[in-house]
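The values are calculated or read from the model by the stated rules, or taken from the named source; none is laboratory data. Note that the structure is predicted; figures quoted are calculated from it, not measured. Every residue, glycine as well, gets a Cβ built from its backbone with ideal geometry; the counts of neighbours run over all protein chains shown.
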Amino acid sequence: MEFNEAIVQLYQQNLPGGRLAKNQLRADCPFCKENGFDPSDKFIVYLNKDGFFFGYFRCLNRCVAGGFPLWFTKLAGLDPSQTPGFDPDREFLLQNVNYPAKNLNHEISVHTASMPDGILARYQEAGVGQDVLLDLGVGFNGRYLVYPYFQEDGNCYAAHCVFPDRLEDSFWHGNEDFFTEVHRIFNVQDIERCENGSLFLCVGEESLLVLKQLGFPAVAVPDLATLESLEPARFAFIKTLFLVTSNAQEADVSMRVLASRMGYKVRPLRWPAGLAKDYNLWQLAKEKGEGFRAAVSAMIAKARAFSPFATPKREYENFSEQLLMEGGSDYGALQCGFPLLDEALDGIHGINIIGGAPKTGKSTFLIQTATEMALRGIPVLYYDFENGRQKIYQRSLCRLSRLSAEQIRSQKFTEDEKQRYEDAGRKMQKMLHFFRVINDRQVTPEIMRRHIDFIRHETNSQYTVVVIDSLHKLPFKDFSERRTGIDAWLRQMESIRDELHVSFLVVSELSRGDGKSYSETPHLGVFKGSGDIEYSADNAMVLYPDWEQMQSASGENRKNRLWLVASREQSPGLVADYVVDYPYWGFTEHSPAE
């Protein structure tokens, strides 16, 4: 039998004469007589199959506390194994609590009986009747409202005393062992009553009272600190937990802390924009009056499960926005300035790892690439652990001015050279708005994210290029963790790439081949120190020297070959030759056929 039908049948079989109409089963209450009440037509079971409270029952006389089918079975003395949803292997959270012999039960009953008319009128302004106050044992000690925190054993050992309309004036009374946060759940017994069903969790006893007046099951905590400290296991057998806080940023933060620990079952009730800070259910009940039930029902209908996933609608919107971004000019502008390389990669996107033999000019290659992109207004963060800021700037000035480092240091120029020097200086000053060098050897992924956020805001750009020179010199905890440290950094780069629209250009060391040289056919295995490069890199490239490194070669005769070893989107193969542009610290790109 289908689960919902089995629930309906359970109630119909045990409520003779019950009448089913408009998703409600009305019957004489089977518990009223033994409690001294008239049972006639006082028992309601909510049977809306599309609602969160399907199967919830309550007595209009409040002769027993309401709950879901397993609680009904217990009250009625029925065999629990015949109840839909019963799990004989279910293990409840066992708390090692030594309940003392002395309790506050008599004192609480005295406070409840001595509630003055003025205090009753205060509650009635929010629609809360005396029957609800009696159910929960709420009383008044002559100065303070007294909220008794009955425990699972049915006794009260501590009470929260609150000055009316001045909630910050409060204290705890009773056994100090029960002042701690683990015991601060008001009406805690509703948790058991709502097994396999829905329950409200409120911050503040007053919010609970207005919900109980409507007939909803609810528990409350006195403050946000207690909310954050709640043990999720206590709500393990609640299917849906509606979380109600006040309209405040700190309340929203606490709600998220708890919801992230409890997961999908939590459905926060959201407040509409424009309400006053700290606005809560108590104020809503006073304001809405008879319309309060409809207002709460609307909030329930709009409540969405706390989820690590975006809604399907938002997910499609994000996908569509990304498509538009990728079709825009900013995305297409992510070109390195070497035409053959840009064609081979279709621009600089994702994680691009460049390995190379020592002294092949990997840093020079990336400095040229990074600064050319920055000159076109693309924000670039250059994490340098090889050369130093001054050397990077000097080499860039050499390339832009077509002057050697010796000429720049001597400051001896012809008129034409002086003009080139000054023009290059102006270009560099403009470029540095988009080009930031970081030499911090304590950089972390969190710091890198802050750098990215800053330069995106500073340049008003959707995209950022991050250059890392080099992967093997990124900071790790200690040298013994180098392999795992590199892999961890690659995982972080993947996350940053996807979340912040970042393209990476990363230098990697290579392993020597069988002949202890760097001349073997390039493949993914030549990258040093990390097996994760083949999984993380969107493009893996190798820069090999095409000249005999052990023999003397003038700068202008040095040529390197760049191979695309592996790519997620493009075809691997030889990309281009790069000839040293001596002595200007740059390269010129040539087709391999030239």
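Of all residues in region 391-420, those satisfying the criterion of being under 50 Å from the mean Cα position of the chain (by Cα) and among the hydroxyl-bearing types (Ser, Thr, Tyr) are 393, 396, 401. From the list 477, 528, the one residue that fits, being of a type in the set (Lys, Arg), at pLDDT below 90, touching an Asp or Glu at 6+ places or on another chain (Cβ under 7 Å) and assigned by TED's automatic domain parsing to the domain that holds residue 363, is 528. Of 444, 464, 459, all but one fail to be assigned by TED's automatic domain parsing to the domain that holds residue 384, surrounded by 13 or more Cβ atoms within 10 Å (Cβ to Cβ) and touching a strand residue (DSSP E or B) at 6+ places or on another chain (Cβ under 8 Å); the exception is 464.
The set of residues in region 359-399 that are part of a loop (DSSP other than H, G, I, E, B) and without any contact (Cβ under 8 Å) to a residue 60 or more places away in the chain comprises 376, 388.
For region 307-324, the count of residues that are in a loop (DSSP other than H, G, I, E, B) and of a type in the set (D, E, K, R) is zero. Among the candidates 248, 285, the residue that is over 21 Å from residue 198 (Cβ atoms), touching an Asp or Glu at 6+ places or on another chain (Cβ under 9 Å) and surrounded by 15 or more Cβ atoms within 10 Å (Cβ to Cβ) is uniquely 248. Checking 455, 486, 408, 438 one by one, the residue that is touching a Gly at 6+ places or on another chain (Cβ under 8 Å) and closer than 23 Å to residue 387 by Cα is 486 and no other.
The rows are residues; the columns are (1) under 27 Å from the mean Cα position of the chain (by Cα); (2) touching a residue at least 40 places away in the same chain (Cβ under 8 Å).
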position: 430; (1), (2): no, yes
position: 447; (1), (2): yes, no
position: 462; (1), (2): yes, yes
position: 467; (1), (2): no, yes
position: 473; (1), (2): no, yes
position: 476; (1), (2): yes, no
position: 485; (1), (2): yes, no
position: 489; (1), (2): yes, yes
position: 498; (1), (2): yes, no
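Can you tell me which condition residue 135 does not meet? The list is (1) of a type in the set (D, E, K, R); (2) part of a loop (DSSP other than H, G, I, E, B); (3) in the same structural domain as residue 291 (by TED's automatic domain parsing), and all the others hold. Among (1) of a type in the set (D, E, K, R); (2) part of a loop (DSSP other than H, G, I, E, B); (3) in the same structural domain as residue 291 (by TED's automatic domain parsing), the lone unmet condition for residue 135 is (2). Listed by first and then second residue, the pairs with beta-carbon distance under 7 Å, at least 6 apart or on different chains, first residue in region 1-29 and among the β-branched types (Val, Ile, Thr), second part of a helix (DSSP H, G or I), are 7/69. Taking each residue of region 162-180 that is without any contact (Cβ under 8 Å) to a residue 40 or more places away in the chain and outside any loop (DSSP other than H, G, I, E, B) and looking for partners that are among the polar types (S, T, N, Q) and surrounded by 12 or more Cβ atoms within 10 Å (Cβ to Cβ) with beta-carbon atoms closer than 8 Å, six or more apart or interchain, yields 163/170; 178/151.
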